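For reference, the structure discussed in these notes is given below.
The values are calculated or read from the model by the stated rules, or taken from the named source; none is laboratory data. If you're wondering where the values come from, they're calculated on a predicted model, not measured in any experiment. FYI the Cβ positions are ideal-geometry reconstructions off the backbone, even for glycines, and counts take in every protein chain you see.
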Amino acid sequence: MAKKTIIGLYPGSFDPVTNGHLDIAQRAHKICDQLHIAVVANPSKKVLFSVEERVDFLKKTTRHLPKVVISSFNGLLVDYARHIKAGMIFRGLRAVADFEYEFQMALINRSLYHGIEIVFLVPNEKFIFLSSSAIKEVAMLKGDVSGFVPAVVEKALRKIY
Ligand code: PNS
């Protein structure tokens, strides 16, 4: 029997991408034949970077991952997952604090699209405390974010603040 191609989807706001996101992307990349990292174009929260900028940061920082495709989407995540024929959606779980929101989202998404599996990946413990919003606050207050984000993002944050 022919092996089924595993298409994975790693969605997020990525405002901006952090080293923690990249750690999850690398782990998901090992599992899939093709990994779509998709930036939500219409997030429910206010964003600092445009969708084009967020996509561009991801493209520049995942060049070394040959099976990755970077894109953006509008509307429901499960509709996009269907559109690209993804069989699994990846989400990073950092701490217990993430769990309730992620669990609810996973159950809603699966009830909207029965064919999808939601896979939670745990980042390297170095990145457990990282979040895009914390990074933005540190950058805004002129703190050093170089260990937390890729160089291209650090440069962009420095330009803004
Ligand atoms: O990086 P984030 O902000 O935690 O990512 C959240 C994201 C983009 C995965 C989520 O907001 C989402 O899926 N948005 C698309 C709209 C949607 O499908 N909402 C229903 C999910 S409960």
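So, ALA2, is that one surrounded by 19 or more Cβ atoms within 10 Å (Cβ to Cβ), of a type in the set (Gly, Ala, Ser) and more than 11 Å from the ligand (Cβ to nearest atom) or not?
Working: surrounded by 19 or more Cβ atoms within 10 Å (Cβ to Cβ): no; of a type in the set (Gly, Ala, Ser): yes; more than 11 Å from the ligand (Cβ to nearest atom): yes.
Criteria not met by ALA2.
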Problem set entry | Candidates LYS85, LYS59, LYS46 - the one that is within 20 Å of ILE7 (Cα to Cα) and over 15 Å from the mean Cα position of the chain (by Cα) | LYS85
Exercise. In the stretch 63-78, how many residues are within 16 Å of the ligand (Cβ to nearest atom) and either without any contact (Cβ under 8 Å) to a residue 24 or more places away in the chain or surrounded by 13 or more Cβ atoms within 10 Å (Cβ to Cβ) (or both)?
Worked result: 7
Exercise. Residues in the stretch 79-109 that are among the basic types (Lys, Arg) and either in contact with a strand residue (DSSP E or B) (Cβ under 6 Å, 6 or more places away or on another chain) or exposed (fewer than 13 other Cβ atoms within 10 Å of the Cβ) (or both): how many?
Worked result: 2
Exercise. Can you name the helices (runs of 4 or more DSSP H) wholly within the stretch 1-83 that have at least 1 residues being of a type in the set (S, T, N, Q), under 22 Å from VAL138 (Cα atoms) and at pLDDT 95 or above?
Worked result: 19-31, 51-61
Problem set entry | Hey, ARG54 within 20 Å of GLY8 (Cα to Cα), in contact (Cβ under 8 Å) with a residue 12 or more places away in the chain, within 11 Å of the ligand (Cβ to nearest atom) and among the basic types (Lys, Arg) or not | yes
Problem set entry | Of residues in the stretch 79-127 being touching a residue at least 60 places away in the same chain (Cβ under 8 Å) and among the β-branched types (Val, Ile, Thr), the one nearest to the ligand (Cβ to nearest atom) | ILE89
Exercise. Which members of the stretch 7-17 meet the condition of being surrounded by fewer than 23 Cβ atoms within 10 Å (Cβ to Cβ) and either within 10 Å of the ligand (Cβ to nearest atom) or within 8 Å of the chain's Cα centre (by Cα) (or both)?
Worked result: PRO11, GLY12, SER13
For this session: Considering (1) modelled with pLDDT under 95; (2) in a helix (DSSP H, G or I), say which one ILE135 fails and leave the rest.
Result: (1)
Exercise. If you check PHE103 against the conditions, is it more than 13 Å from the chain's Cα centre (by Cα) and modelled with pLDDT under 95?
Worked result: no
Exercise. Scanning for something within 9 Å of the chain's Cα centre (by Cα) and either within 11 Å of the ligand (Cβ to nearest atom) or among the acidic types (Asp, Glu) (or both), does the stretch 24-35 turn up at least one residue?
Worked result: yes
